[in-house]
Number of protein chains: 2
Amino acid sequence: MLLSGGLDSSTVLAIARSDGFDAYALSFRYGQRHDVELAAARRIAEHLGAAEHRIVDIDLRAFGGSALTDGTISVPRPGPDDELDAQIPVTYVPARNTIFLSFALAWAEVLDAADVYIGVSAIDYSGYPDCRPEFIEAYQAMARLATKAAVEGSQKLTIHTPLISLTKAQTIQRGLALGVDYGLTHSCYDPVDGRPCGTCDSCVLRARGFAAAGLPDPAL
Amino acid sequence: MLLSGGLDSSTVLAIARSDGFDAYALSFRYGQRHDVELAAARRIAEHLGAAEHRIVDIDLRAFGGSALTDGTISVPRPGPDDELDAQIPVTYVPARNTIFLSFALAWAEVLDAADVYIGVSAIDYSGYPDCRPEFIEAYQAMARLATKAAVEGSQKLTIHTPLISLTKAQTIQRGLALGVDYGLTHSCYDPVDGRPCGTCDSCVLRARGFAAAGLPDPAL
């Protein structure tokens, strides 16, 4: 399962565990300006009892093209009533979920695992193309042709997206019911001294989610 | 375009150039035991006039599962008349082409390029699942849903596989017609002091290709 250390993927880890799986959590040090999230991923993996947690180094700054991996592109600051998904924002990282899922596919094959979990949602999200259900479906179809396990084995690889149709508030409620301590998670794209900025897309989505759930954010 | 420094991908670079493209060549230092191939990739990129050549570090030894990335698994030595593609050999690297294509997709998006070239062949190959036409077709379908360029742009991403139906001998003949100096390429999985072993799958396929073309291998 892909674990960024944010609210969504932390919830997914709890869901995978409650689905009865041993969870092998995979994170990436990809040159993100918010690599403080990796410390959150470590905390969450331990908190929720992951069987193993690996951090893979892949420097996507080599390609750039995103505010998250290129220090010369500013992180946008939406206004309080702005629609976040009117267009794909500059925080989109080219092919990021495609790359992340491909490493998950490799590890899954070595582990002889047929279930991959990812915390994408098509609701309360930033409009990234690689978070949409049609992308995930196409990825799964490709993955079922890609590996030795897929070709020779009896297991069909499944990409699980348990948050795909949940609002952020519903995700929070689901996680709380499963015992997730959101105080351990980190969502901000552009932290200041490791603390959330409060004004980036990711902070705004998170704040709206807790507000809609009628709860305070324990990370603040 | 994906460039390993071997016979096939070097030919593909020449074909992409002859198709009229500026070629951006991408190689990977992935923990392969034959990383001497990267020096060949550098030579070939210069020899065939690539616009740029990048080597990305991704250590697939973290996952293992292949004779190419795990020093404890031996590279097989086929006999002179053995069928190489009777089953998927231990030199298969889990999800390797899926991972490589995903990085190519990221770079293509940043370059605003819609054409990706890869030197897979379904003939005279080692039986790897991620070299088959059905895998490439599924990858292309996924890629067309994966990126901002795919969703917002007018260009449809195409994965070009100019070698897919060529025998090794035909590939060599095609490359020679385009001026490829195969003396600069490296194919061996398990080189000894940087020289081809002559007995691994890759050396055997290469030797059979030159023999079928009626030509000596200039790298020997």
Take the residues in the range A:124-134 that are at negative phi and touching a helix residue (DSSP H, G or I) at 6+ places or on another chain (Cβ under 8 Å); name whichever of them is farthest from the other protein chains (Cβ to nearest Cβ). A:TYR125
Which condition does B:GLN155 not pass, out of (1) assigned to a loop (DSSP other than H, G, I, E, B); (2) touching a Ser or Thr at 6+ places or on another chain (Cβ under 9 Å), if it passes all the others? (2)
So for the range A:188-201 (the condition being farther than 19 Å from A:VAL36 by Cβ and out of contact with any His (no Cβ under 7 Å at 6 or more places or on another chain)), does at least one residue qualify? no
Looking only at the range A:17-33, count every residue that is among the hydrophobic types (A, V, I, L, M, F, W, C) and either assigned to a loop (DSSP other than H, G, I, E, B) or more than 14 Å from the chain's Cα centre (by Cα) (or both) and tell me the total. 2
For the range A:1-20, which positions are of a type outside the set (Gly, Ala, Ser) and buried (at least 16 other Cβ atoms within 10 Å of the Cβ)? A:MET1, A:LEU2, A:LEU3, A:LEU7, A:ASP8, A:THR11, A:VAL12, A:LEU13, A:ILE15, A:ARG17
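Where residues in the range B:138-152 are outside any loop (DSSP other than H, G, I, E, B) and in contact with a Pro (Cβ under 9 Å, 6 or more places away or on another chain), which of them is surrounded by the fewest Cβ atoms within 10 Å (Cβ to Cβ)?
Restricting to residues being outside any loop (DSSP other than H, G, I, E, B) and in contact with a Pro (Cβ under 9 Å, 6 or more places away or on another chain), the top hit is B:GLU152.
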In the range A:48-75, how many residues are more than 26 Å from B:TYR30 (Cα to Cα), crowded, with 18+ Cβ neighbours inside 10 Å and not hydrophobic (A, V, I, L, M, F, W, C)? 0
What number of residues in the range A:138-169 are without any contact (Cβ under 8 Å) to a residue 24 or more places away in the chain and of a type outside the set (Gly, Ala, Ser)? 6
Considering only the range A:129-136, I want to know if a residue exists there that is at pLDDT 90 or above and within 30 Å of B:ILE88 (Cα to Cα). yes
Which residues, taken from the range B:81-137, are surrounded by fewer than 20 Cβ atoms within 10 Å (Cβ to Cβ) and among the aromatic types (Phe, Trp, Tyr)? B:TYR125
Could you grab me the full set of residues in the range A:196-220 that are in contact with a Ser or Thr (Cβ under 8 Å, 6 or more places away or on another chain), in a helix (DSSP H, G or I), surrounded by 18 or more Cβ atoms within 10 Å (Cβ to Cβ) and not charged (D, E, K, R)? A:SER202, A:CYS203, A:LEU205, A:GLY209
Given (1) more than 12 Å from chain A (Cβ to nearest Cβ); (2) within 24 Å of A:ALA113 (Cα to Cα), B:GLY65 misses just (1)
State whether the residues of the range B:88-106 include one that is modelled with pLDDT of 85 or more and away from chain A (no Cβ under 14 Å). no
Condition met for B:SER27 (at pLDDT below 95, among the polar types (S, T, N, Q) and either in contact with a strand residue (DSSP E or B) (Cβ under 9 Å, 6 or more places away or on another chain) or surrounded by fewer than 18 Cβ atoms within 10 Å (Cβ to Cβ) (or both)): no
Among (1) within 10 Å of chain B (Cβ to nearest Cβ); (2) at pLDDT below 85; (3) within 18 Å of A:ARG206 (Cα to Cα), A:GLU83 falls short only on (1)
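One line per residue, one yes/no per condition, for (1) within 25 Å of A:SER102 (Cβ to Cβ); (2) within 14 Å of chain B (Cβ to nearest Cβ); (3) not aromatic (Phe, Trp, Tyr):
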site	(1), (2), (3)
A:ILE136	yes, yes, yes
A:TYR139	yes, yes, no
A:SER165	yes, no, yes
A:ALA207	no, no, yes
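The values are calculated or read from the model by the stated rules, or taken from the named source; none is laboratory data. Everything quoted here is computed from the prediction, not taken from an experiment. Using ideal geometry, Cβ is built from the backbone for each residue, glycine included, and neighbour counts are taken over all protein chains shown.
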